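See below for the structure under consideration.
Each reported figure results from applying straightforward, stated rules to the coordinates on display, with no laboratory input. What you are looking at is a predicted structure, and each value in this text was computed from that prediction instead of being measured.
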Ligand SMILES: Cc1cc2nc3c(=O)[nH]c(=O)nc-3n(C[C@H](O)[C@H](O)[C@H](O)COP(=O)(O)O)c2cc1C
């Protein structure tokens, strides 16, 4: 297998094995959550340099589920047009394009809304608890995800990715630490996966058979075996593609540094690939900052696709470095692209390139 080999996801041909991981541009949107020219150019540039699949950053399905007030949205029809410009820009360069749909849940930014989640649990300070969602709120939230997916389809996206990791709402339903429910959305693996599995069914019904439904899932929650059981539920519900990252709880002695050229988070995707081989394509992510590692993962059949986050932030032409050993600007592995006080920060690698 080579990085330049195409792959079929659901019924869509993706031209190669390099995928752009969702990475929020915190300062690009305004309070209306609409796409700006900066977003369009950001994604166009990465598509132009050959990335096979672009997953547009976490996008809020309701205004209260945003990370911050400058977070991209798809909660109303007026936001569709801007997204159409992103999909056209990517399709002009034959890149497949998905969009990640998200709600922050108990991690709500107080400037945007109340912390809600599967259960009332502490949100940092023990005095502050999230509010447990009523069953009708759960159903309404599933509709918000489905409506956002339908808007994504209208905007020309080839599919969506549910944000099911990194401690946000879907992940909060999966984790026993944040989901203490005793109804059909809590308890067993099947019940904890139900919130997302039902969303997958609803999106499939609304957006059709050809629409790619991917889940970015926690590869460990709290252990790899349980995380795989959860992903099995997603696949049963109709998920076409698994992109594997981290979750809330990490309690598994089988995961750690083991002398491999990739890190433990990346190893989760590799283990999922082994488990789901021949059924759904699997992507790994984290710490793939050098072309040689991207090639190693594909050429040794360790995963189906490799997700690139910071490598593509630091250099939009990183894909060309993977394909043809072109020179590139390496990510400095510093935290300056992350959300934090004093935003917006500027990626120093990007600054050096310009
Ligand atoms: C600036 C920034 C924004 C991010 N935004 C998202 C996001 O929207 N959704 C998501 O699932 N992960 C997000 N992540 C995590 C990345 O997708 C990726 O998993 C992480 O950066 C590790 O991969 P890397 O080593 O290739 O960067 C973000 C990471 C960074 C650095």
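Of all DSSP beta bridges located in the range 7-353, what percent are antiparallel, nearest 5? The partial results should precede the final answer.
Details: 5 of 38 bridges.
Close to 15 percent.
Under the 0.36 nm per residue contour assumption, what length would be gained going from the current alpha-carbon distance of residue 206 and residue 188 to full extension? Could the numbers behind the result be given before it?
Working: separation 18, 0.36 × 18 = 6.48 nm, distance 2.76 nm.
Taking 0.36 nm per residue and subtracting the Cα distance, the gain is 3.7 nm.
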Quiz item: Normalised by the residues of the range 264-332, what does the relative contact order come to in percent, with Cα pairs under 8 Å and at least six apart?
Solution: 28
Quiz item: Among 22, 261, 222, which one moves the most in a GNM of the chain with springs linking Cα atoms closer than 10 Å?
Solution: 261
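Given axes a ≥ b ≥ c from the Cα gyration tensor, I'd like to know whether the chain is rounded (a/c under 1.5), prolate (a/b larger than b/c) or oblate. Let's see the in-between values first.
Details: a/c = 1.39, a/b = 1.22, b/c = 1.14.
Rounded shape, in that the Cα axes give a/c under 1.5.
Using 0.36 nm times the number of residues separating residue 81 and residue 274, minus their current alpha carbon distance, what extension gain do you get? Intermediate values should be presented prior to the final figure.
On the way: separation 193, 0.36 × 193 = 69.48 nm, distance 3.97 nm.
Full-extension gain reported as 65.5 nm.
If contacts are Cα pairs under 8 angstrom and at least 6 residues apart, what is the relative contact order of the range 7-353 in percent? Kindly include the intermediate steps, with their values, before the conclusion.
Numbers: 774 pairs, mean separation 51.4, N = 347.
The normalised contact order for the range 7-353 reaches 15 percent.
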Quiz item: GNM on the chain, C-alpha springs below 10 Å: top fluctuator among 186, 256, 219?
Solution: 256
